1. Express the carbon and sulfur contribution to the solvent-accessible surface of the range 1-142 as a percent, rounded to the nearest whole number, probe 1.4 angstrom.
2. Hey, if you put +1 on the Cβ of every Lys and Arg and -1 on every Asp and Glu Cβ in the range 248-287, which of Tyr265, Ser249, Ser285 ends up farthest toward the positive end of that dipole?
3. For Asp208, list long-range residues whose amide hydrogen, built 1.01 Å from N in the peptide plane, is under 5 Å from its own amide hydrogen.
4. How long are the three semi-axes of the equivalent ellipsoid of the range 229-287, in whole Å, if each is the root of 5 times an eigenvalue of the C-alpha gyration tensor, listed from largest down?
5. Putting +1 on Lys and Arg Cβ atoms and -1 on Asp and Glu Cβ atoms, find which of Val11, Gly114, Trp42 reaches farthest to the positive end of the dipole of the range 1-132.
6. Mind telling me which of Thr156, Thr299, Thr115 comes out most flexible in a GNM of the chain, alpha-carbon contacts under 10 Å?
7. Per-residue ellipticity at 222 nm for the chain, helices alone: DSSP H runs ≥ 4 residues times -39500 (n - 2.57), over residue total, nearest 500 deg cm²/dmol?
8. For the range 113-252, build the convex hull from the C-alpha positions and give me its volume per residue in Å³.
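The values are calculated or read from the model by the stated rules, or taken from the named source; none is laboratory data. Since we're looking at a predicted model, the values are computed, not measured. Positions of Cβ are generated from backbone atoms using ideal geometry, with glycine treated the same way; all protein chains shown enter the neighbour counts. Side chains included, ligands, DNA and RNA excluded: accessible areas come from the protein's heavy atoms. Shrake-Rupley method; radii C 1.70, N 1.55, O 1.52, S 1.80 Å.
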Amino acid sequence: MYTSYDNTSLVKIVTLLKSHKSDYLSGQDLSDSLKMSRAAVWKHIKKLQSLGYKIDSRPKIGYKLIKTTHLLLPWEISDGLETKVFGKRIYYFHTIDSTQNFAIGLAPKKIENGTMVISEKQTHGRGRLDRKWVSPSGGIWLSLILHPEFDISMSTLFPLITSLALAIAIEQVLKIKPMLKWPNDVTVNAKKVAGILVDASVESGTIDYVVLGIGINFKINPLEIEKSIKHTTSYYGTTTLVKKNQNTSPIKLVQRFLFEFERLYQISLKKESKFLIQQWTRRSSTIGKSIIITLPNETLRGKALRVDEDGALVISNKGKIQRIIAGDVNTRN
């Protein structure tokens with residue numbers, strides 16, 4: 001595990017190499033600057049190379065950073081991050097059972113407001129309703145801890161705000177225009193590229209904390225996911241944002257998502273949910289469509305009319321208007 005608040009020798013070496021992009025830094029220079037032996041410098045350079053950094057090493061000349069890593073390392077995400085709170089504390093794992101479970105363990109501590117837990121891979125990823133969330137390498141699997149400043153009636157907005165922020169980030173960074181499927185999916189070409197999970201702790205009618213789980217199929221093989229979930233009732237197709245032969249870093253997408261989410265979250269604190277719903281609706285693949293909604297004890301058919309300011313879906317079902325707080329939605333052919 002690496003964190004954003006560990007000022008390790010690895011981070012110091014990366015910082016020095018980045019600040020001398022066009023030059024070689026000698027082992028002695030690094031040794032003197034970091035007050036460590038040249039053997040220790042060499043050991044750290046090897047570790048950085050194993051983390052995906054391309055570093056040219058020349059005897060009697062030194063080291064030069066040729067290319068940074070695509071791994072979602074805390075110091076890479078922090079470098080250029082424009083948020084005030086979200087993502088300022090980061091816990092990074094190469095592999096974890098579930099970022100959500102780890103984040104829930106941290107969440108009660110007030111210092112962890114805005115903390116992000118992120119992993120390259122999950123072995124027991126979890127989706128809505130405790131469904132399996134397949135999380136291979138190449139995806140972005142993260143959880144974000146919030147200590148909200150509004151009451152529980154606004155909690156149903158979280159999936160919409162999160163998916164909207166992610167859609168905007170994808171538009172800006174990857175120049176792809178995703179659609180939003182109520183309540184919490186981001187899609188491309190009618191196939192899922194991301195989903196949102198919300199876990200909340202509520203005491204005496206107020207929210208103690210919320211943990212948002214965000215799973216993004218950034219650069220994955222869709223078939224690897226399909227073979228595990230294609231027979232489930234909620235499955236409607238999966239795809240990837242970045243193709244195998246594209247050399248695109250996920251770091252800028254994570255940074256932009258955090259920035260956009262913090263911006264939209266601040267808007268929600270000002271009770272301007274109408275604006276947020278308008279922005280979400282512009283990108284919606286649900287509103288105006290004939291849909292089937294699967295609930296725990298029944299299945300409804302109707303037309304999706306709108307989303308209310310608390311995030312509830314309003315449908316017309318046989319002439320009767322109904323509000324749906326949660327459920328699986330599919331478009332009727």
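1. Details: 3830 of 7290 Å².
Here it works out to 52 percent.
2. The listed residue farthest towards the positive side: Ser285.
3. Ser201, Val202, Glu203
4. Details: eigenvalues 155, 88, 20 Å².
The equivalent ellipsoid of the range 229-287 has semi-axes of 28, 21, 10 Å.
5. Trp42
6. Comparing Thr156, Thr299, Thr115 in the GNM, the peak value goes to Thr299.
7. Details: 9 runs with 99 residues, N = 333.
Estimated from H runs of four or more residues: -9000 deg cm²/dmol.
8. So the per-residue Cα hull volume is 117 Å³.
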